[in-house]
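These notes concern the structure reproduced below.
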Amino acid sequence: EKEDEIHDEL
Amino acid sequence: MNVFRFAGDMTHLISILVLLLKIYTTKSCSGISLKTQELYAVVFVTRYLDLVTDFISVYNTVMKVVFISSSLAIVWCIRRHKVVRRSYDKELDTFRHWLLVGACAVLALVVHEKFSFQEVCWAFSIYLEAVAILPQLVLLQRSGNVDNLTGQYVFFLGAYRAFYILNWIYRYYSEQHFTRWISCVSGIVQTALYADFFYYYFISWKNNSKLQLPA
């Protein structure tokens, strides 16, 4: 769930 | 991280370096829209709130800090630097950019992935980034002639967006990674805004002539 919320792009 | 995203991040970084180089070497910000620079500062500050909540990588953190600090430094230079601010084209840079901020804020409150402070701010920053170049494009069109560094600045900014689209396509096929549709739609709108500029940029490059935008 947490993984989906992270914005890994700038 | 794939080659397209890295190329996108690097062209984004180069665009900022080109802009700083222009301001530093010519001590002038003529042709640069303060409104666009203010919008970018707002974009970076609202998007990178996760700097204090999530750690992704050293690369990610460094880039975020660079984007926030450089955008604030550029705004400071145009507003406050005792030499640079004199060359600011105030009468050409009249775009009512706070209307864009208002419209994007309303849109973010209505269209977002999750109703949390951070997620609404993130959606807002994505929408605002898509349209933040508008005051700059309007200023260039009004002034007609575009100096080399300013032309390159806008070119690299456009290239950054184009590489990001390639990155999303690549990630979709290689990682089965679905980029959020808010990013995709905004990214396509943002890149499309550069289409006209790119056309004239390539013509001037091909003819080895000065970049001129039609009135």
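The values are calculated or read from the model by the stated rules, or taken from the named source; none is laboratory data. Worth saying up front: this structure is predicted, and the values here are computed from it rather than measured. Here the Cβ is made from the backbone with ideal geometry for all residues, glycine too, and neighbour counts use every protein chain on show.
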- Please enumerate the residues belonging to region B:91-102 that are more than 11 Å from B:LEU134 (Cα to Cα) and touching a residue at least 12 places away in the same chain (Cβ under 8 Å). B:LEU92, B:VAL101
- Does region B:123-142 include one or more residues that are modelled with pLDDT of 95 or more and not in a helix (DSSP H, G or I)? yes
- Residue by residue through region B:36-56, note down the ones that are within 13 Å of chain A (Cβ to nearest Cβ), out of contact with any Lys or Arg (no Cβ under 6 Å at 6 or more places or on another chain) and within 16 Å of B:VAL66 (Cβ to Cβ). B:TYR40, B:VAL43, B:PHE44, B:ARG47, B:ASP50, B:ILE56
- Message: Can you find, within region B:124-167, the residue that is surrounded by the fewest Cβ atoms within 10 Å (Cβ to Cβ) among those that are within 14 Å of chain A (Cβ to nearest Cβ) and over 13 Å from the mean Cα position of the chain (by Cα)?
- Response: B:LEU166
- Message: Return the residues of region B:39-78 that are without any contact (Cβ under 8 Å) to a residue 60 or more places away in the chain, more than 19 Å from the chain's Cα centre (by Cα) and in a helix (DSSP H, G or I); say none if nothing qualifies.
- Response: B:LEU51, B:VAL52, B:VAL58, B:TYR59
- Within region B:168-215, considering residues that are surrounded by 11 or more Cβ atoms within 10 Å (Cβ to Cβ), touching a residue at least 12 places away in the same chain (Cβ under 8 Å) and of a type in the set (S, T, N, Q), the one nearest to B:LYS114 (Cα to Cα): B:SER183
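Can you spot a residue in region B:162-171 that is among the basic types (Lys, Arg) and under 18 Å from B:VAL18 (Cβ atoms)?
No, region B:162-171 contains no residue that is among the basic types (Lys, Arg) and under 18 Å from B:VAL18 (Cβ atoms).
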- Query: Could we say that B:TYR200 is on the phi < 0 side of the Ramachandran plot and either touching a Gly at 6+ places or on another chain (Cβ under 7 Å) or within 14 Å of chain A (Cβ to nearest Cβ) (or both) here?
  - Reply: no
- Message: For region B:1-35, give me the residue count where each residue is away from every other protein chain (no Cβ under 14 Å), in a helix (DSSP H, G or I) and surrounded by 19 or more Cβ atoms within 10 Å (Cβ to Cβ).
- Response: 6
- Just checking, which of B:GLU119, B:GLU113 is assigned to a loop (DSSP other than H, G, I, E, B) and among the acidic types (Asp, Glu)? B:GLU113
